[in-house]
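For reference, the structure discussed in these notes is given below.
The values are calculated or read from the model by the stated rules, or taken from the named source; none is laboratory data. Given the structure is predicted, the values throughout are model-derived calculations rather than measurements. Cβ sites come from the backbone with ideal geometry, for glycine too, and all protein chains shown count toward neighbours. Quick note on the areas: whole protein, heavy atoms, side chains included, nothing else; ligands and nucleic acids left out. Shrake-Rupley method; radii C 1.70, N 1.55, O 1.52, S 1.80 Å.
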Amino acid sequence: MRPTRCRMLSRIVTLAVLLGVIAPDSLTSAQQKKKPHEKEHFVFDDVRVFYVTEGTGAVSPVDVDKNGVPDQVENVAKQVWAAHQLFCKVLKFPDPFESERYQGVNCIQVSILDRTEMSNLNGVAFSRAQRARSIPEGHPTDRAIVMAIASQVDPTKNVTPTHETFHLIQYGTTYFKNSWYLEGMARWAEHGTGKDGLGEIKYSPRGPWPQIPLHLQQLVKMKSESEHVLWNPIASRTDRDGFLSGKMLGEKLSTLTYADGSLVLRDRFLQGGEVMRDILIELGKLDDVAFQDLKYEKWTEENARALENNPYIYKATMDALRKHDSKVGPFEIPKRKD
């Protein structure tokens with residue numbers, strides 16, 4: 001049976017409360033009675049992971065390196081940290097810690113929850129910053145950007161923490177949230193800590209760029225599968241190498257291992273880092289243009305995902321791609337009929 005709209009909304013509200021995105025005093029008395037388990041926490045540099053060891057959402061008790069922290073918790077923290085370092089420090093993507101949208105943010109806060117508490121998702125990232133949970137290692141003024149990872153996720157085999165970290169980078173750069181861009185580009189980003197190179201390509205990197213109108217009509221209806229028909233082809237076209245050298249990464253990132261001793265950066269290949277960074281920066285400019293053209297009064301969830309955004313997102317993508325390949329043709333936003 002498919003969940004009703006009310007049940008889905010209830011799950012989202014419950015998840016937001018567990019993460020602290022919605023204040024408990026904004027809920028009904030019945031909802032307030034459902035308190036989450038008391039959480040333990042683990043800090044790895046600027047990443048803070050909250051978890052429980054008993055009950056719903058409990059993490060695996062395995063502790064191979066016998067440091068007193070469940071390996072699953074340690075591994076989530078390391079993958080999130082590595083993804084943030086790789087994209088923002090090595091590849092120079094806009095850092096959400098320095099975003100105007102997230103002023104004062106100084107940590108990434110991760111809650112490990114049961115998948116049933118997350119509408120059966122492996123992970124979710126939130127676009128709103130919040131006051132960080134109070135911890136002994138912290139400060140009362142700390143502010144956090146927030147995600148949740150399912151307790152069923154094993155980071156040594158699953159790159160969901162990288163995917164959600166990249167969403168936080170996207171949120172800090174642009175207000176656009178159309179799925180073909182948001183999910184497709186985040187799927188490309190997974191290859192940063194994944195293995196086996198770039199992944200599948202279903203559209204010729206030779207183009208034509210821009211794609212023909214029929215392809216564009218299909219593209220904007222896609223979600224994560226747009227990785228194979230837009231983002232991976234663009235990455236392949238502009239970056240034949242993609243090797244992440246030890247000099248680029250630095251010793252800590254290039255040698256960082258999970259609790260079992262395996263490397264966090266599993267193959268040290270990621271094609272398309274420069275062009276994806278430039279596209280994201282361009283999107284941060286074009287959302288201002290869209291805001292004016294489309295006469296938005298403020299960025300809401302509805303207009304952040306509006307169909308009218310699509311031409312602006314695609315134009316930003318082609319304009320950035322053209323900086324890397326002069327053969328890319330022009331793409332203009334169709335004139336609106338008022």
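Laid out as a table, the results:
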| item | result |
| --- | --- |
| Qualifying residue in the range 134-143 (condition: in contact (Cβ under 8 Å) with a residue 12 or more places away in the chain, in contact with a His (Cβ under 9 Å, 6 or more places away or on another chain) and closer than 23 Å to Gly57 by Cβ) | yes |
| The lone exception for Arg101 - which of (1) touching a Phe, Trp or Tyr at 6+ places or on another chain (Cβ under 8 Å); (2) free of Cβ contacts under 8 Å to residues at least 60 places away in the same chain; (3) open to solvent by 40 Å² or more (accessible area, probe 1.4 Å) it fails | (2) |
| The range 118-134, subset surrounded by 15 or more Cβ atoms within 10 Å (Cβ to Cβ) and over 19 Å from Leu182 (Cα atoms), residue farthest from the chain's Cα centre (by Cα) | Arg133 |
| Residues of the range 279-318 classified as open to solvent by less than 30 Å² (accessible area, probe 1.4 Å) and of a type in the set (Asp, Glu), total | 2 |
| When residues of the range 319-328 are limited to those that are in contact (Cβ under 8 Å) with a residue 40 or more places away in the chain and assigned to a loop (DSSP other than H, G, I, E, B), the one surrounded by the fewest Cβ atoms within 10 Å (Cβ to Cβ) | Lys327 |
| Flag for Thr300 being at negative phi, β-branched (Val, Ile, Thr) and touching a Gly at 6+ places or on another chain (Cβ under 8 Å) | no |
| Conditions (1) hydrophobic (A, V, I, L, M, F, W, C); (2) free of Cβ contacts under 8 Å to residues at least 40 places away in the same chain; (3) open to solvent by less than 30 Å² (accessible area, probe 1.4 Å); number of the one not met by Val62 | (3) |
| Number of the exception - His167 against (1) open to solvent by 40 Å² or more (accessible area, probe 1.4 Å); (2) touching a strand residue (DSSP E or B) at 6+ places or on another chain (Cβ under 7 Å); (3) under 30 Å from Asn310 (Cβ atoms) | (1) |
| Yes/no for Lys89 being open to solvent by 30 Å² or more (accessible area, probe 1.4 Å), within 19 Å of Leu249 (Cβ to Cβ) and outside any strand (DSSP E or B) | yes |
| For Val159: the one exception among (1) open to solvent by 10 Å² or more (accessible area, probe 1.4 Å); (2) of a type in the set (Val, Ile, Thr); (3) in contact (Cβ under 8 Å) with a residue 40 or more places away in the chain; (4) farther than 18 Å from Glu227 by Cβ | (4) |
| Matching entry among Ile145, Ile149 (being of a type in the set (Val, Ile, Thr), out of contact with any Cys (no Cβ under 9 Å at 6 or more places or on another chain) and buried (at least 18 other Cβ atoms within 10 Å of the Cβ)) | Ile149 |
